[in-house]
Structures are given as structure tokens and as C-alpha cells.
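Asker: Handing you this structure, nothing more for now.
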Amino acid sequence: MRNDVLNTIPNWVEDFEGKTTVDETIFTADGKPKGTYNGESYVLEDWGVIREDQACIRDNQLVLSMTKRDNPKVFKSDPVQKERWHNTAWLRTRGKVELVQGAVEMVAKFPCPPGFWAGGWARATVSQGEVDFFESPGRLGKNPNPAAHDLNNRYTATVHYKQDGTDKVGVESPITPANLGGDFHTYGFIKTSEEVIIYFEREEIHRVKRSDNPTKFDAAFPPGEPLYLLATTQAGSKWFGLPNDDTPDHCELVIDRVTVWDFDNPVSGQGEYSSTPVYGSSSS
């Protein structure tokens, strides 16, 4: 993460301190008690049932779960009928916390068992732009695509020109000794009118410049259009496969802190955010 960002005061820091429930002024938890898939293209690709009870606050941390159901659920409106054996979580900040140009950091840990697909994203409110600043479909599960390979303690970072996944520029994270599932790590991104940069432990791992393809970039991230944040757990994917017998009945994405800098509405004064805990190498 750039030092000029870290040395300014964030517009918003959520560390969940003292909270007992998900703050509805910040997050919308999709999935009413009966469960749903909400029409999002990504959700149509998984085998989960979104339920709001899969997101909670525990020990001053935000916990998003994937939990095996006693019985599968089948949605009549599914384009392809499938048995959904897991409840999942889908949190978003749309209309509550958004930014046009700015930076985001999320301190999180997530296990990578077979078929557990979790991560943090940012999506454009109207157009098709999307930044997946950390996302892991987990280890290969049941019936993966023959061309898929096990990420083996790595994750993907992707800038999407289209949210349906048909036009994107992504990378796999560097091979690292970090334990993604057992330890907290710092994931982040910067988005401006000229580029998107994605970070792991405040070190750059992926950059997409507007100058690489101005037409696609401007269509995906039009000037003035904000991004909102999402954190999700999902059950399986067509590429990496479904949960299998080795997948625990309960898996969690745990978020310790979320920080947002809004470049268009900077907070006056100098901050010392770079002195806050970082779960990895020093800032750059």
C-alpha cells in the first residue's frame, strides 16, 4: 500500500469493537430466513443458499460462515436445477459505504478446504467493473474442471471488466509461507481513474492500468461511478469443484478490520495509520 495513503487519516475504520450484531448502517446481509440466491451472476455459479444468519459478530470480529444443511434446498427459479447443501453469507455496503477513487484494506483469515469459496470484492454500482482483491475457491473439490489446479495456500486477485467473468485480468498470489487459513493477513486495493492496484501485506501483487485498454476500463469504471464492498462465502464453483467429504461442515471467513480512504473526500491532517498492525511485510 502506498505510504502517502497510509500516512493520511482514513475516512472509515471498522474494527467491530464492542459490537454484538452486524451493523445495518454499514452492511446489508442478504438472505432472509428462508434462504435465497439473489440473482447475482456469481451466486448462480455456486451451490449455496444465502442466509443472513450466516453473518455475525463474534469476539469483536465479523464472521461469515458456510454451514452444511441437514437437507438440500432446490430453487424452482434456478436456471439449472441443483441441490444446494450449504448455507452461505453475502454482505454488501451498497448505498452505505462507497467510493469512486480511494483505497481499502481488509484484515482477514479464511481457510481453504475443498469447495469453500470466499473473499472480498468491490463492485461498480451500475456498470460492470469489479475488483476481487482477495478470493479463494479453496482446494480442488468434487468434480472440478479437468483444467483446474489446486491453489495450494494461494488465492486469486482479479480486475473484472464484466461481472459475469467473461472479461477479466487476474493473477494468482505469489507463493508465500503465510498460512492463509490459520492466520490473519492484510488484503487491499487502490482504485483511481487511471489504475487499480491490488496488495497483499501492503505489497503490490497486481496492477491494471487504464492505459492498457482505455475503452474497457472506462466502460467498467466510468468516471464518477462509485464502488461498494462485498464479503462473501460461497459453496463450490464450476471450475474448482464442490465441497466434498473432506470439507468441514462449518467453514468461516473471519474479518478483523476494514479500512477505507476516500481520495475524493480526504480527511484533513496527517495520520499514522502505517503504525497499525500489519500481518506480514512492511508497507511499500
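Asker: Filter the stretch 52-106 for residues that are of a type in the set (Phe, Trp, Tyr) and assigned to a strand (DSSP E or B); which is surrounded by the most Cβ atoms within 10 Å (Cβ to Cβ)?
Answerer: Selected residue: Trp90.
Asker: To continue, here is another question. What's the total number of residues in the stretch 73-93 that are under 23 Å from Arg123 (Cα atoms) and in contact with a Pro (Cβ under 9 Å, 6 or more places away or on another chain)?
Answerer: Looking only at that region, the number is 0.
Asker: Next question, about the same structure. If you go through the stretch 26-35 one residue at a time, do you hit one that is loosely packed, with under 14 Cβ neighbours inside 10 Å, of a type in the set (Val, Ile, Thr), at pLDDT 90 or above and within 21 Å of the chain's Cα centre (by Cα)?
Answerer: no
Asker: Let me ask something additional. State all residues of the stretch 68-98 that are polar (S, T, N, Q) and free of Cβ contacts under 8 Å to residues at least 12 places away in the same chain; if no residue qualifies, say none.
Answerer: Matches in the stretch 68-98: Asn71, Ser77, Gln81.
Asker: Another question, if that's okay. State which residue is nearest to Asp212 (Cα to Cα) when the search covers only the stretch 136-188 and only residues that are aromatic (Phe, Trp, Tyr) and over 14 Å from the mean Cα position of the chain (by Cα).
Answerer: Checked the stretch 136-188; the qualifying residue nearest to Asp212 (Cα to Cα) is Tyr161.
Asker: Among the residues of the stretch 102-124, is any under 30 Å from Asn3 (Cα atoms), of a type in the set (D, E, K, R) and over 14 Å from the mean Cα position of the chain (by Cα)?
Answerer: No: zero hits.
Asker: Shifting gears a bit: Of the conditions (1) β-branched (Val, Ile, Thr); (2) touching a Pro at 6+ places or on another chain (Cβ under 9 Å); (3) within 19 Å of Ile205 (Cα to Cα), Val100 satisfies every one except a single condition; which number is it?
Answerer: (3)
Asker: Being of a type in the set (Asp, Glu), surrounded by fewer than 17 Cβ atoms within 10 Å (Cβ to Cβ) and under 21 Å from Gly236 (Cβ atoms) is true for just one of Asp132, Asp183, Asp167, Asp150. Which residue is that?
Answerer: Answer to the selection: Asp150.
Asker: Just give me the residues in the stretch 162-179 being at pLDDT below 90, part of a strand (DSSP E or B) and in contact with a helix residue (DSSP H, G or I) (Cβ under 9 Å, 6 or more places away or on another chain), in sequence order.
Answerer: Of everything in the stretch 162-179, nothing turns out to be at pLDDT below 90, part of a strand (DSSP E or B) and in contact with a helix residue (DSSP H, G or I) (Cβ under 9 Å, 6 or more places away or on another chain).
Asker: State all residues of the stretch 107-117 that are surrounded by 24 or more Cβ atoms within 10 Å (Cβ to Cβ) and part of a strand (DSSP E or B); if no residue qualifies, say none.
Answerer: Across the stretch 107-117, the qualifying residues are Ala108, Phe116, Trp117.
Asker: Can you confirm whether Lys216 is touching a residue at least 12 places away in the same chain (Cβ under 8 Å) and more than 18 Å from the chain's Cα centre (by Cα)?
Answerer: When the stated conditions are applied, Lys216 passes them.
Asker: For the condition small (Gly, Ala, Ser), under 20 Å from Ser65 (Cβ atoms) and not in a strand (DSSP E or B), what is the one hit in Gly182, Gly120?
Answerer: So the residue among Gly182, Gly120 that is small (Gly, Ala, Ser), under 20 Å from Ser65 (Cβ atoms) and not in a strand (DSSP E or B) is Gly182.
Asker: Of the numbered conditions (1) within 26 Å of Val260 (Cβ to Cβ); (2) in a loop (DSSP other than H, G, I, E, B), Pro144 satisfies every one except a single condition; which is it?
Answerer: The number of the failed condition is (1).
The values are calculated or read from the model by the stated rules, or taken from the named source; none is laboratory data. For clarity, every value in this text was computed on a predicted model and none was experimentally measured. Every residue, glycine among them, receives a Cβ derived from its backbone with ideal geometry; neighbour counts consider all protein chains shown.
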